[in-house]
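Written out below as structure tokens is the structure these notes cover.
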Amino acid sequence: MKAPDGLDGVPVLEARGLTKLFKVRSERGAGYRRGRVLYAVDGVNLALRPGRSVALVGESGSGKSTVARLLAHLYPITAGEVRLNGRPTRPRFARARRAYARNVQLIFQDPFASLNPTHRIRYQLTRVLRLHGYARGRDQTAQVLEDLLARVQLTPANQYLEKFPHELSGGQLQRVAIARALAARPLVLLADEPVSMLDVSIRLGVLNLLAALKVQERLAILYITHDIASARYFAEETLVMFLGQLVEGGPSEELTQRPAHPYTQLLISSAPDPSKRGVRTEGRPPRAGGRPSPEGCRFAGRCPHTMPVCRDTTPVVSDLGGGHWVRCWLHEPASAETVGASATRPDQQEVARP
């Protein structure tokens with residue numbers, strides 16, 4: 001089956017069966033408990049393509065930020081692989097990590113914590129240019145810095161280059177953080193909730209900036225957020241994550257207008273709207289610690305539509321057409337044929353758990 005328009009072609013960055021386990025400390029804090037692990041990310045597949053953005057949506061603790069750090073190789077991968085331009089990558093040494101970081105840059109959630117408070121903005125941008133070999137003399141470097149700040153709409157440059165981070169607002173700092181990422185001339189931006197720490201009045205400006213850079217620079221962007229409304233506004237494709245597992249995905253407009261998974265419906269109903277009634281859920285959110293049950297749906301304890309099969313059998317992926325898929329027993333299972341060529345389908349490659 002042909003992929004949806006704009007989703008065909010080789011992804012610039014791809015995750016296949018991405019899995020991450022963390023050891024869980026004992027309640028008394030005296031070391032690790034034998035056999036206790038946290039499945040932070042469990043068999044995630046996604047693909048990022050030039051000039052397009054994918055939104056990864058879920059509540060706090062679902063594993064979204066861990067996915068970004070795995071893609072940036074800030075965390076070691078437990079199972080699965082990350083591919084850059086079609087080639088598997090697992091940089092182990094400083095030179096390889098620097099080469100990888102030149103192509104894949106991470107924008108952190110808190111701009112106040114991501115910039116060194118003891119250095120001026122000029123130093124923080126110039127350091128990136130030196131690390132990646134783009135500093136070619138004082139005059140040329142000064143011109144590059146001016147161009148960088150102009151691209152993130154911070155002009156005139158001298159008004160910002162000589163200031164310390166505490167002298168700038170949150171929105172200005174996040175633009176500096178974006179400029180620092182652009183200084184490496186990357187192919188991919190991993191934006192980990194880039195507007196959640198900002199005032200509501202300036203969030204739209206930062207999202208519009210990222211959207212413009214996506215088109216102008218042909219960047220592939222992973223936009224991580226808990227706000228499914230902003231995902232619809234910003235990204236062409238949306239993936240919904242619950243307890244480390246992707247449960248639904250597809251074109252953003254289709255997914256938000258016709259959500260198929262009860263968890264996606266819950267996320268949409270939780271957005272402030274006095275004219276709509278929220279989706280009622282049962283029970284409490286399950287604890288993420290420990291190995292997920294090999295049987296049953298992870299959302300069964302909160303789902304208002306739980307059936308016996310939901311507790312006994314792991315849901316399979318169902319194709320809803322047009323690139324829209326869901327992992328839920330409320331919909332007919334997908335056929336054995338691989339659906340689409342998007343590589344964001346979670347059933348395309350299964351990796352054995354350790």
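Just one residue in the set 195, 188, 215, 176 is closer than 21 Å to residue 119 by Cα and β-branched (Val, Ile, Thr); that residue is 176. When the range 79-103 is filtered for residues that are more than 14 Å from residue 47 (Cβ to Cβ), open to solvent by less than 40 Å² (accessible area, probe 1.4 Å) and in contact (Cβ under 8 Å) with a residue 24 or more places away in the chain, the ones remaining, listed by number, are 79, 100, 101.
Looking across the range 159-181, just one residue is over 13 Å from residue 121 (Cβ atoms) and buried (at least 22 other Cβ atoms within 10 Å of the Cβ), and that is 181.
In the set 243, 213, 187, which member is crowded, with 18+ Cβ neighbours inside 10 Å, closer than 23 Å to residue 72 by Cα and at pLDDT 95 or above? Give the steps one after another, and end with the answer.
Numbers: 243 fails: at pLDDT 95 or above; 213 fails: at pLDDT 95 or above.
The unique qualifying residue is 187.
The lone criterion from (1) modelled with pLDDT of 90 or more; (2) within 26 Å of residue 55 (Cα to Cα); (3) surrounded by 16 or more Cβ atoms within 10 Å (Cβ to Cβ) left unmet by residue 198 is number (1). Considering only residues in the range 220-233 that are modelled with pLDDT under 95 and aliphatic (A, V, I, L, M), the one that is farthest from residue 63 (Cα to Cα) turns out to be 229. Residue pairs whose Cβ atoms lie under 9 Å apart, separated by 6 or more positions or on different chains, with the first residue in the range 147-176 and on the phi > 0 side of the Ramachandran plot and free of Cβ contacts under 8 Å to residues at least 60 places away in the same chain and the second of a type outside the set (Phe, Trp, Tyr) and open to solvent by less than 10 Å² (accessible area, probe 1.4 Å), are 153/209. Can we say residue 115 is open to solvent by less than 20 Å² (accessible area, probe 1.4 Å), touching a residue at least 40 places away in the same chain (Cβ under 8 Å), of a type outside the set (Gly, Ala, Ser) and over 26 Å from residue 85 (Cα atoms)? Criteria met by residue 115.
Could you run through the range 258-301 and say how many residues are at pLDDT below 85 and either assigned to a loop (DSSP other than H, G, I, E, B) or open to solvent by 50 Å² or more (accessible area, probe 1.4 Å) (or both)? The total comes to 26. Scanning the range 317-329 for residues that are assigned to a loop (DSSP other than H, G, I, E, B) and in contact with a Cys (Cβ under 9 Å, 6 or more places away or on another chain) yields 328, 329.
Among 182, 149, 145, 198, which is the only one that is over 16 Å from the mean Cα position of the chain (by Cα) and part of a loop (DSSP other than H, G, I, E, B)? Break it down into steps so the answer makes sense when it comes.
On the way: 182 fails: part of a loop (DSSP other than H, G, I, E, B); 149 fails: part of a loop (DSSP other than H, G, I, E, B); 145 fails: part of a loop (DSSP other than H, G, I, E, B).
Criteria check complete, one pass: 198.
In the set (1) open to solvent by less than 10 Å² (accessible area, probe 1.4 Å); (2) modelled with pLDDT under 90, residue 15 fails one condition alone, (2).
The values are calculated or read from the model by the stated rules, or taken from the named source; none is laboratory data. Everything numeric here is computed off the predicted structure, so don't read it as measured data. Don't worry about glycine lacking a Cβ; one is built from the backbone with ideal geometry, like all the others, and counts go over all protein chains shown. Keep in mind that these areas ignore ligands, DNA and RNA; they rest on the heavy atoms of the full protein, side chains included. Shrake-Rupley method; radii C 1.70, N 1.55, O 1.52, S 1.80 Å.
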